[in-house]
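One structure is given here, and the rest of the page talks about it.
The values are calculated or read from the model by the stated rules, or taken from the named source; none is laboratory data. In this text, all values refer to a predicted model and were calculated from it rather than measured experimentally. Don't worry about glycine lacking a Cβ; one is built from the backbone with ideal geometry, like all the others, and counts go over all protein chains shown. Keep in mind that these areas ignore ligands, DNA and RNA; they rest on the heavy atoms of the full protein, side chains included. Shrake-Rupley method; radii C 1.70, N 1.55, O 1.52, S 1.80 Å.
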Amino acid sequence: MSRPITTPQPRFIPLHRRRCWVLALFAGMFIIAPDGAGFAPATPAADQPPQRQTRVTIDGTQWRINGEPTHRGSAAEGLLMNVRMVNSVFEDTGPAARNLPEGFDPDANTARFIEKMPDYVEHGVRAFTISLQGGMPGYEGAVNSAFNADGTLRNGYLARVRRVIEACDRHGVVVILTCFYQRQHSHERALAGRDAIRNAVANTARWVADEGFTNVVLEISNEYRHGGFGRWRDGDWLRSDEGQVELMKIARRANPDLLVSTSGMGGGRIPAAIAEAADYILIHFNNTALGDIPARIEAVKPFNKPIVCNEDNKIARQGAQAARASVRTGAGWGLMHSRKNQYIPFEFDGAEDDPIVYAAMRELTTPGPGPATGQADEAAAEVVSITLTQPTDGTVFTH
């Protein structure tokens, strides 16, 4: 039953109460109130998320930021060049925290990364992967999670994530926000099974919506088939294609505007079921030889979606050549510099992290005729690339 709309009647103020007017200044606005009338501050509008500056969208196979293709006019136009910075929001609330440098402060760690963000952006980075459960910090046993065991979110952890996302928003940069990392098991806040995992995804997607973030895309799991997820409660379901597809659907129901995917293993392959269900395709090249990168990218082009490598541990000359090979074949490339950015003491020195890789990123993202060929390609042929076939990617060993 609809409620009738009534128009408030104008208030009558007797003449004897209109003898004098007082000019009041409140919250930057001039308010005029009749003498003798009670003064009450204006009621603020319902809380609204702040206006965001950076909006990421997809147009066919291209990434767009604020409606414009990324890296316009460059060899990497429409691609997403990125860096894995998952431990920029790191904490360890467990006994293994003794491995951290003395006096480690999670907030200061985040601040150091944010301070250097402009330098990364200047060298062509347009996305950072940030994780709600971090990544390998260089030691085992870290309790590092934005989730409680039931899948609810922890405000203290989210405060650091919010700071990073807002800094990226100011700099025109996308955040690839990862929910799950395989090492976060067997502690008191480890997610307590399938329902908790579902809750964690839904709560994360809703949080992104509630904060009004428009520069965030979601990665359900980092390398979802990794053997480490087998140690989770309902880990077999989480490692399955069906489990990941279900979680992607949950994220979209909670936040229909959110672009969602999940990443494959370091061999650069992704199952068709995942590629079909995802909004964009996430592949990893850690265990992919340089010469195999183009074929891995070509294999997922028929799905007609943006392709992003958001994890490759190749550095220096190999990293530069991997970036060039990815861009030439039509995929964005992402550096994982474990020794600098992911392992303690978590160093963030901008392009000085790897001058060769960041020079290549800058070259690939600078408007012009494209990256140099000839000598660069000959140099690539001289780089020795080794791929491990045994043990298989994601194998877990116990002792």
Residues being more than 15 Å from the chain's Cα centre (by Cα) and open to solvent by 30 Å² or more (accessible area, probe 1.4 Å): count how many of those fall in region 207-225. 2
Report the residue count in region 273-300 for those that are in contact (Cβ under 8 Å) with a residue 60 or more places away in the chain, within 28 Å of Ile250 (Cα to Cα) and open to solvent by 20 Å² or more (accessible area, probe 1.4 Å). 1
Residues (over 23 Å from Ile65 (Cα atoms) and in contact (Cβ under 8 Å) with a residue 60 or more places away in the chain) located in region 157-178: Tyr157, Arg160
Please enumerate the residues belonging to region 41-69 that are at pLDDT below 75 and within 30 Å of Val308 (Cβ to Cβ). Pro49
Pairing a residue in region 200-220 that is among the basic types (Lys, Arg) with any residue that is in a helix (DSSP H, G or I), where Cβ atoms lie under 8 Å and the two sit 6 or more apart in sequence or on different chains, gives Arg206/Ala254
(1) of a type outside the set (Phe, Trp, Tyr); (2) crowded, with 23+ Cβ neighbours inside 10 Å; (3) within 19 Å of the chain's Cα centre (by Cα) all hold for Ile250 apart from (2)
Residues within region 327-351 that are in contact (Cβ under 8 Å) with a residue 40 or more places away in the chain and assigned to a helix (DSSP H, G or I), tallied: 7
Among the residues of region 253-268, write down those that are buried (at least 17 other Cβ atoms within 10 Å of the Cβ) and either aromatic (Phe, Trp, Tyr) or at negative phi (or both). Ala254, Asn255, Leu258, Leu259, Val260, Ser261, Thr262, Ser263, Gly264, Met265, Gly266, Gly267
Selection over region 331-348 where residues are farther than 15 Å from Asn286 by Cα and open to solvent by 60 Å² or more (accessible area, probe 1.4 Å) yields a count of 3
Taking Gly370, is it open to solvent by 10 Å² or more (accessible area, probe 1.4 Å), modelled with pLDDT under 90 and either farther than 29 Å from Arg183 by Cα or among the β-branched types (Val, Ile, Thr) (or both)? yes
Out of all the residues in region 254-272, is one or more among the hydroxyl-bearing types (Ser, Thr, Tyr) and over 14 Å from the mean Cα position of the chain (by Cα)? no
